[in-house]
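To keep things clear, I will list the structure first and then write my remarks on it.
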Amino acid sequence: MASIGALKLCVLLVVCLLKYVGLSEGRYAKEEYSFIKSASSWGKGDYDYIIVGGGAAGCALAATLSEKYNVLLLERGGVPFNNPNVTFKSNFHIGLLDKTVCHNFISTDGVINGRAKILGGGTSINAGFYTRANPEFIRKLESRGWDTKLMNESYLWIEKQLVHWPKFSGWQRAVKDALLDAGVSPFNGFTYEHLYGTKVGGTTYDSSGRRHSAAELLASANPSKLTVLTHATVQKIVFDTTGKAPKAKGVIFKDENGKQHEAFLGTYSQSEVIVSSGAIGSPQLLMISGIGPKSDLQKLNIPVVLDNQFVGKGMADSPMNTILIPFKRPVEQSLIEVAGITKFGVYIEATSGYGQTRDSIHYRHGTSSAEEEQPSTTPPKQRPGEGVEPIVNSNKDVPYEEFMGGFILSKVAYPMSTGELRLVNTNVEDNPTVTFNYLRHPDDLKRCVDGVRLVIKVGQSEHITNYTSSERQNADKMLELGLKANINFIPKQPNNTKSLEQYCRDSVTTIWHYYGGCRVEQVVNSEHKVLGVDGLRIVDGSTFTESPGTNPQATVMMMGRYTALKILQNRLGNKAGI
């Protein structure tokens, strides 16, 4: 009998192990992704395209261009497939603290933010919400000559591979009903489209809770024409400056052992280096490579390839403010599934619960957390960089009850406030300084106040209290909990729960939707080619002049696919098969 029991236990353990391996690795099989290699294993190659950054746009670009041309994709991080902090929805907040996949930075405003450092980019660490761009964003692309039919086909290409219907949890359902009661109507049901009212969007998490990131788009690549190097940190772009205009001819990168390599384009007139390093990485790399404001480059002894005063300018981030709703019932974890899209320029979303392991509930969870300590108590000189660690370490023993709740989020959709990015040094592995100037413009502050008022109204709905089994909270209590639950490095002012303007300023955090730094018509043209330079494009959120709807990941991936298809079309005509 004992042997039979032991056998059953072994079978159960094997089944569990197989389930875990299957979930964590997902579609990852060495034969399927034979072209993904560590940077140190690289040998010389002849490439039509070198793509810097394997994020949302970079993976779509590489997969598509490799259908016809030899492509080298360089990613500074590792693969996401076998990292449980990335793969499992229940570990979402742990992933944001995993330094191997998320590179934290603190803006000069005092807001903690993060940059993805992994294949798949932001799609490997975000909350998974999938929705297309708002109609006005699409109209602006059309006015610059973008093909509407091809954009739609590019969205569909992504959706077929990565996107799922959400489970639609009880908390999300309660928020949906509360939004409708608060006047954010009509209810548009499940849709990828950006429509005024309340909707349920798609998700890149499947029904088992496993993430599908842009890295999986590489499964549709031509493996004989694609090389993907992980842990390959590009140091600079190399230019040929002997012609009328500088021409990108390759890049210099370091592998995981710190050894330096040079990768060059083939001798094809239409070959290109395409930078897809994100809103922080792309302007930083351009400036380190000699394209940017001349005076700033000369201060760091960077040889000037092209003087462009707009590189690093126009940085923007959509301010987020939240309130915390306590539950008196077991909390089911849910990430964003419902979106309230208002006509006054504010989006409302919600989350609930945190990671379901004991490890996850004792750590700072990104920028919306339930820690009691406020970073404003940290001396100002300690606030940049290392100032985060003492706060995280001192709050590991927060009682579990602090996490028994849900957040309702308000995002200012189209911030008028903008800032800039400046180099600290010439080391691409160090974060530049970034200023977003959150809520500096009076229109942004007004919309923030209107958004917080709406969030309070939603939080006081009977649909919320019925679901949470908690008493209806008054506004002051909601704001008080919100201030405790949101961590930033902004000194707190007295009476900040009495003034919604002050509450907005004191509790502002990020929703990781920053953009700018290489804006269209200032740094790149409508085809995303860098102005004044040959053989160089930028395809990512750094080129945006506004955030495309409630969540940008769908549109960034679409732009990668679309741009690659247009490149094939322009080079091959009907032979491209588009």
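The candidates TRP157, TRP171, TRP146, arranged from most to least accessible area with a 1.4 Å probe in the full protein assembly, appear as TRP157, TRP146, TRP171. Overall form of the stretch 151-296: prolate. Here a/c, set by the Cα gyration tensor axes a ≥ b ≥ c, is 1.5 or more, and a/b is the larger of a/b and b/c. Average accessible surface for the stretch 406-466: 40 Å² per residue, computed with a 1.4 Å probe over protein heavy atoms with every protein chain in place.
Rounded if a/c is under 1.5, else prolate if a/b is larger than b/c, else oblate: which is the stretch 516-578, with a ≥ b ≥ c the root eigenvalues of its Cα gyration tensor? Intermediate results must be reported in sequence, preceding the final value.
Details: a/c = 3.25, a/b = 1.30, b/c = 2.50.
It is oblate, given that a/c is not under 1.5 and a/b is not larger than b/c.
Where a ≥ b ≥ c are the square roots of the eigenvalues of the C-alpha gyration tensor, would you call the stretch 403-457 rounded, which needs a/c under 1.5, or, failing that, prolate if a/b is larger than b/c, or oblate?
Numbers: a/c = 4.97, a/b = 1.72, b/c = 2.88.
Because a/c hits 1.5 or more and a/b fails to exceed b/c, the stretch 403-457 counts as oblate.
Counting only protein heavy atoms and a probe of 1.4 Å, the accessible surface of the stretch 422-479 is 42% carbon and sulfur.
If you put +1 on each Lys and Arg Cβ and -1 on each Asp and Glu Cβ, how big is the dipole of the stretch 240-357 around its Cα centre, in Debye rounded to 20?
Taking the Cα centre of the stretch 240-357 as origin, the dipole is about 260 debye.
Where both bridge residues fall in the chain, DSSP classifies roughly 70% of the beta bridges as antiparallel.
So for the chain, averaging the separation of alpha carbon pairs under 8 Å that are six or more residues apart and normalising by length, what relative contact order in percent results?
Values: 1345 pairs, mean separation 125.0, N = 578.
So the answer I get is 22 percent.
Ranked by solvent-accessible area (1.4 Å probe, protein heavy atoms only, all chains present), the residues ASP296, ASP534 order from largest to smallest as ASP534, ASP296.
How large, in percent, is the carbon and sulfur part of the accessible surface of the stretch 179-323 at a probe radius of 1.4 Å?
Working: 2570 of 5380 Å².
Carbon and sulfur atoms account for 48 percent of the accessible area of the stretch 179-323.
Based on alpha-carbon centroids, what's the gap between the stretch 118-182 and the stretch 533-553 in Å, whole number please? Using only Cα atoms, the two centres lie 16 Å from each other.
Annotation: amide H of PHE239 within the under-5 Å range of LYS249, sequence separation 5 or more or interchain, hydrogens built in the peptide plane. Using a probe of 1.4 Å on the protein chains alone, the accessible area found for GLU462 is around 120 Å². When only Cα pairs below 8 angstrom with a gap of at least 6 residues are kept, the stretch 504-552 shows a relative contact order of 40 percent. In square angstrom, rounded to the nearest 10, how much accessible surface does MET558 have for a 1.4 Å probe? Here the residue's solvent-accessible area equals roughly 0 Å². Neighbours of LEU536 by Cβ distance under 13 Å: Lys/Arg scored +1, Asp/Glu scored -1, total +1. Taking Cα pairs under 8 Å and at least six residues apart, what relative contact order does the stretch 430-578 come out at, in percent? After rounding, I find 15 percent. This model, with +1 at the C-beta of Lys and Arg and -1 at the C-beta of Asp and Glu, gives the stretch 39-103 a dipole about its Cα centre of some 180 debye.
If you sort HIS261, HIS528, HIS164 by accessible surface, 1.4 Å probe, largest first, the order is HIS164, HIS261, HIS528.
Across the alpha-carbon set of the chain, the Rg to Rh ratio works out to 0.97, Rh being the Kirkwood radius. With all protein chains kept in place, the per residue accessible area of the stretch 188-344 amounts to 37 square angstrom at a probe of 1.4 angstrom.
The values are calculated or read from the model by the stated rules, or taken from the named source; none is laboratory data. Here the structure is a predicted model, which means the values were calculated and not measured. Virtual Cβ from ideal backbone geometry, glycine too; neighbours counted across all protein chains shown. Side chains are part of the model used for accessible areas, which takes the heavy atoms of the whole protein and leaves out ligands, DNA and RNA. Shrake-Rupley method; radii C 1.70, N 1.55, O 1.52, S 1.80 Å.
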